[in-house]
Amino acid sequence: MKKSPYFTAESIEKVAQEIQKKLEDYGLGKFKVFATDAIALIVLDMQNYFLLEESNAFVPSAKSIVTNINKLIEIFNRNNFPVIFTKHSNNEENARQMAVRWKHLTPESGVFNEIYDKIDSTKGIIINKNQYDAFFCTNLLNILQERKIKQVIITGVITNLCVETTARSSFVNGFHTIVPIDTTATYNLDLHLSSFINLSFSINSTPLSSELINYLEKNI
C-alpha cells in the first residue's frame, strides 16, 4: 500500500477544501444543519499504533488531524457532551477475518495500544473494539442510547476502514451521522477521497471541521 502525507499542518485546510469541491461537483457533500442537543463525539483508534512512525500501521496524515479533533473535544468537554474514544486491538480469538486480511494482530497492550499523547482522552469514555465497526460486539450502542443521543460526529482513523464502517453502522442504527473531511485520515489521498464520495452519498453530512465548529460555537 502506497503511503503519503496528503494532509500536513500546512496543507490540511487547502486539501480538505479541494475534497469538498470535488464532492460538490458530484452534487454531494453539502453541510446539513442539525440540532445541537443529544449529540456525541466518537474518536476512533487514535492510538500510537497508527500515529507513531515506527509502527507498520503508521498513517502519515494522522498527526495532522489531531488539532481539529482536539478542537471538537474541547467544545464537547466544555458543554458536557459525551466524548467516546475507541481503542482497536485483536487476539487470536476475536480477530476473525482481520487476521486473514492483515496477516497480523493489532496489539492489545503496550505503547502501541495507548491513545496518542497529544489527544486528551482524560474526560472521555474509552471502549475497546476488535473489528472495523465500533458498534460490533461493544457497548457503544448502549452508551449512546442510555444518554438519548440522536446525532454522532465521527473522527479518527482509518478513513476507509473503521471510520467508514462505523459511520454506516451509526446511520443504520438511527443516528444522524456526521464525518468531517479533515478529522479523519488514511494512507493516501485516493483512499480518503473515495471514502468521502461514498460517505457523502450514504450518510447525513460530511462538512469541513471549520463549518461544524463554527456552527457548534454559535448554537450551543
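No value in this document is a laboratory result; all are computed from the given coordinates. The shown structure was predicted, so the numbers you read here are calculated from the model rather than taken from an experiment. All Cβ positions, glycine included, derive from the backbone under ideal geometry; neighbour counts span all protein chains shown.
Grab the strands (runs of 3 or more DSSP E) fully contained in region 114-183, keeping just those with 1 or more residues being of a type in the set (Lys, Arg) and more than 15 Å from the chain's Cα centre (by Cα).
Once the strands (runs of 3 or more DSSP E) in region 114-183 are filtered for at least 1 residues that are of a type in the set (Lys, Arg) and more than 15 Å from the chain's Cα centre (by Cα), nothing remains.
Criterion applied to 7, 58 was being of a type outside the set (S, T, N, Q), part of a loop (DSSP other than H, G, I, E, B), over 25 Å from residue 203 (Cα atoms) and touching a Leu at 6+ places or on another chain (Cβ under 9 Å), and the one residue passing it is 58. For region 197-220, taking the residues that are in a helix (DSSP H, G or I) and free of Cβ contacts under 8 Å to residues at least 60 places away in the same chain, the one that is nearest to residue 41 (Cα to Cα) is identified as 214. Whenever a residue of region 170-185 is free of Cβ contacts under 8 Å to residues at least 60 places away in the same chain, its partners that are surrounded by 24 or more Cβ atoms within 10 Å (Cβ to Cβ) and in a loop (DSSP other than H, G, I, E, B), lying with C-beta atoms within less than 7 angstrom and at least six residues away or across chains, give the pairs 179/206.
Picking from residues in region 1-37 that are among the small types (Gly, Ala, Ser) and surrounded by 15 or more Cβ atoms within 10 Å (Cβ to Cβ), the one that is farthest from residue 210 (Cα to Cα) is 29. Looking only at residues that are among the charged types (D, E, K, R) and in contact with a Ser or Thr (Cβ under 8 Å, 6 or more places away or on another chain) in region 129-146, which one is nearest to residue 38 (Cα to Cα)? Among residues in region 129-146 that are among the charged types (D, E, K, R) and in contact with a Ser or Thr (Cβ under 8 Å, 6 or more places away or on another chain), the one nearest to residue 38 (Cα to Cα) is 133.
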